[in-house]
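Q: Before anything else, here's the structure in question.
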Amino acid sequence: MAEQPGPISREEFTHAVRESSNADMEHTDHHPHHGYTPAAFRHYIRQRALIGALEKMSFRSALDVGCAEGYFMNVIAERFGAEVWGVDLSTTAAAKGHARHGLPVAAADATRLPFPDGSFELVLSTEVIEHVLEPELMVAEMRRVSRGQVLVTTPVSQSADEHAPDFALEAEGHINNFDPATVRRLFGEQAQLGSFRCNATLAAIVAVGRHLPAGPRDAFYNLDHAVSQRLGAPDHRFKPLRNRDWLITLPGLGEGAGGPRFVCPACHGELREREQALSCEGCGASYQVREGVPDFFEGRPAG
C-alpha cells in the first residue's frame, strides 16, 4: 500500500476524489446501463466472477460499497432476490443509481459507513479499495456492518510499489498496490484469497469475444473465468496464465442484528427525518437529502 504524502490530509484527498468523481459522472457513466456494450468488458468479467462467488453464499441482504450507478447492485438484486443497498462517495453517482434502479443509495465515505453493526448479511466492494487512502479503515467498516461475509475485488499487483500512487488523480486514481503479501497483511489470516481475469483469455475477449453476439460472447467470458479458476494464479510464473484481479472473502464481525437502516456515520446515532434532511438525535449532525438520496459525507454537527 502506498504511503500518504506529507502535504495532503485524508480529508483533503477524500474531498478531491469526490469532486473529481462528481465532475466525471456529470458527463459519462462508470457502469453500463443501456444493455451490453463492448467498451465495458471489464465489468462483465467482474460480473461473471461475482456471480460465481455469490452462488456459494447464502444471503438475503447486501451492501455495495462504492456502488457507482448501481450496476452490480441491480445484478445481485435480480439474480439472487436480495435486498440490496449501496453507498458511493459521489453524490452524482448515488443519485443516478437510485433513480435508475429504485434501490436505497446514499453518498458516504467507505471508511465511515452510515449503518449499525451487523446490518447486512453480505457486504461487497468491486474495484474501490485501491482508491482509498486508508484501506484498513474501509475493511474494518465493511466487517463491522456485516454479520455474514465480506467480499472485495481489486487489481493484482506484482509488487507493493508496482505503480506510483496517483494522488493527483491524473489517471485512474489508484493509490494502493495489492501484491500477495500486502493482501494477506491487510485482510488477515481469516481471508480466503482468490483471483480472476486471466491474461491469455482476457486478450481473446478484448480482441474478439466482446464484439460477438450474445451466445458466443458469453462463451468467451465463461472461458476466461474457467481458465482463471482452474489454471491461473495472481503470481503465476507463466505470464499468460497470470490472473489480474483479486477476489477476497472474509467473515464479517457477526455483531448486531436487524434489517438495514441509515444511522449517523459520526456517532451511529438514530436519525430523524426533517424537511429535506436527516438529523442525528445523538450528536446533532444534519445530512441533506436530495431526491431520496442522503448525503452523509457533508454532515454538519449542530451549533
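Every number in this text was worked out from the coordinates using simple rules, so none of it is lab data. Computed from a predicted structure; not experimentally measured. Ideal geometry is used to build each Cβ from the backbone, glycine not excepted, and the neighbour counts take in all protein chains shown.
Q: What is the distance in Å between the Cα centroid of the stretch 47-62 and that of the stretch 217-282?
A: Using only Cα atoms, the two centres lie 10 Å from each other.
Q: Using only the Cα atoms of the stretch 211-303, what do you get for the radius of gyration and for Dmax, in Å?
A: Cα-based Rg and Dmax for the stretch 211-303 come out at 23.2, 61 Å.
Q: I've got another one for you. Could you check how many percent of all C-alpha pairs in the stretch 31-189 are farther apart than 19 Å? Display every interim value, and only then the final one.
A: Values: 6907 of 12561 pairs.
The share of Cα pairs beyond 19 Å in the stretch 31-189 comes to 55 percent.
Q: Considering the options Leu113, Pro216, Gln192, tell which one lies farthest towards the positive end of the dipole of the chain, charges being +1 on Lys and Arg and -1 on Asp and Glu at the Cβ, about the Cα centre.
A: About the Cα centre, the residue reaching furthest to the positive side is Pro216.
Q: Check Arg197: other-chain or 5+ apart residues with amide H under 5 Å from its amide H, H built from backbone geometry?
A: Placed amide hydrogens put Arg244 under 5 Å from Arg197.
Q: Tell me the angle of helix 10-27 to the major Cα principal axis of the chain, expressed in degrees between 0 and 90 and rounded to the nearest ten.
A: 70 degrees
Q: Further question: Using the Cα centre of the chain as the reference point, and only Cβ charges (+1 on K/R, -1 on D/E), how large is the resulting charge dipole? Debye, rounded to the nearest 20. Write down the numbers at each step before the final one.
A: Details: 29 positive and 40 negative charges, 236 e Å.
Charge dipole of the chain: 1140 debye, to the nearest 20.
Q: Helix 91-101 sits at what angle to the longest principal axis of the chain, using alpha carbons and giving 0 to 90 degrees rounded to 10?
A: Roughly 70 degrees between the two axes.
Q: Which residue, Ala171, Val75, His131, has the largest displacement toward the positive end of the dipole of the stretch 10-260 when charges sit on each Cβ (Lys, Arg +1; Asp, Glu -1)?
A: Val75
Q: Moving to a separate point now. Report, by chain and number, residues whose modeled amide H sits under 5 Å from the one on Val84, excluding near sequence neighbours (fewer than 5 apart, same chain).
A: Those lying under 5 Å, H to H, from Val84 are Ala62.
Q: How high is the relative contact order of the stretch 262-303? Use alpha-carbon pairs under 8 Å, at least six apart in sequence, and give a whole percent. Please report the intermediate quantities before stating the final value.
A: Working: 71 pairs, mean separation 11.9, N = 42.
Answer for the stretch 262-303 is 28 percent.
Q: Below 8 Å, C-alpha to C-alpha, sequence gap of six or more: please give me the relative contact order for the stretch 157-303 in percent.
A: 16 percent
Q: Could you go through the stretch 255-264 in sequence order and give the Karplus-derived ³J(HN,Hα) for each residue, using 6.51 cos²θ - 1.76 cosθ + 1.60 with θ = phi - 60°, rounded to whole Hz, and x for Gly and Pro?
A: Once θ is set to phi - 60°, the couplings for the stretch 255-264 become 9, x, 7, x, x, x, 7, 7, 9, 5 Hz.
Q: Express the C-alpha Rg of the stretch 53-111 as a ratio against the empirical globular expectation 2.2 N^0.38 Å, rounded to two decimals.
A: Working: Rg = 11.0 Å, N = 59, 2.2 N^0.38 = 10.4 Å.
So the stretch 53-111 has a normalised radius of gyration of 1.06.
Q: Quote the charge dipole size of the stretch 262-303 about the Cα centre in Debye, to the nearest 20; the model charges only the Cβ of Lys and Arg (+1) and of Asp and Glu (-1). If you can, show how the numbers build up before the last one.
A: Working: 4 positive and 7 negative charges, 18 e Å.
Here the stretch 262-303 has a charge dipole of around 80 debye.
Q: Expressed as a rounded percentage, what relative contact order does the chain have, with Cα pairs under 8 Å and six or more residues apart?
A: Values: 611 pairs, mean separation 56.0, N = 303.
Rounded, it is 18 percent for the chain.
Q: Please return the longest stretch of the chain lacking exposed loop sites, where trypsin sites (Lys or Arg not before Pro) count only if DSSP places them in a loop and at most 10 other Cβ atoms lie within 10 Å. Don't skip to the end; give the middle numbers.
A: Working: sites that count: Lys56, Arg237.
Maximal segment without exposed cleavage sites: 57-236.
Q: Tell me, what HN-Hα J-couplings in whole Hz come from the Karplus equation 6.51 cos²θ - 1.76 cosθ + 1.60 at θ = phi - 60° for each residue of the stretch 56-64, using x for Gly and Pro?
A: Along the stretch 56-64, the couplings run 8, 10, 10, 7, 10, 9, 8, 10, 9 Hz.
Q: Could you give P(r) for the stretch 262-303, binned at 5 Å from zero, as whole percent values over all Cα-Cα pairs?
A: That works out to 6, 31, 37, 21, 5, 0, in percent per bin.
Q: To the nearest 20 debye, what charge dipole does the stretch 128-252 have about its Cα centre, counting +1 at the Cβ of each Lys and Arg and -1 at the Cβ of each Asp and Glu? Can you show the working numbers first?
A: Working: 13 positive and 15 negative charges, 127 e Å.
Dipole magnitude for the stretch 128-252 comes out near 620 debye.
Q: Which is the longest stretch in the chain that no exposed loop site breaks, taking sites as chymotrypsin sites (Phe, Trp or Tyr not before Pro) with a DSSP loop state and at most 15 other Cβ atoms within 10 Å? Can you show the working numbers first?
A: Details: sites that count: Tyr36, Phe238.
With chymotrypsin sites (Phe, Trp or Tyr not before Pro) excluded where exposed in loops, the chain gives 37-237 as its longest stretch.
Q: If you build the convex hull over the alpha carbons only and average its shadow over all orientations, what do you get for the chain? Give it in nm² to one decimal.
A: Numbers: hull surface 64.2 nm².
Answer in nm², one decimal: 16.1.
Q: So, one more: Can you give me the angle between helix 214-230 and the longest principal axis of the chain, using Cα atoms only, in degrees from 0 to 90, rounded to the nearest 10?
A: Here the helix axis deviates by roughly 90 degrees.
Q: Moving on to the next point. Rounded to the nearest 500 deg cm²/dmol, what is the calculated helix-only ellipticity per residue at 222 nm for the chain, with -39500 (n - 2.57) per DSSP H run of length n ≥ 4?
A: On the way: 8 runs with 97 residues, N = 303.
After summing the helix terms and dividing by residue count, I get -10000 deg cm²/dmol.
Q: Can you give the longest run of the chain that contains no GluC sites (Glu not before Pro) sitting in a DSSP loop with at most 13 other Cβ atoms inside 10 Å? Walk me through the numbers on the way to the answer.
A: Working: sites that count: Glu3, Glu55, Glu162, Glu170, Glu172, Glu189, Glu255, Glu275, Glu281, Glu291, Glu298.
Within the chain, the longest run free of exposed GluC sites (Glu not before Pro) spans 56-161.
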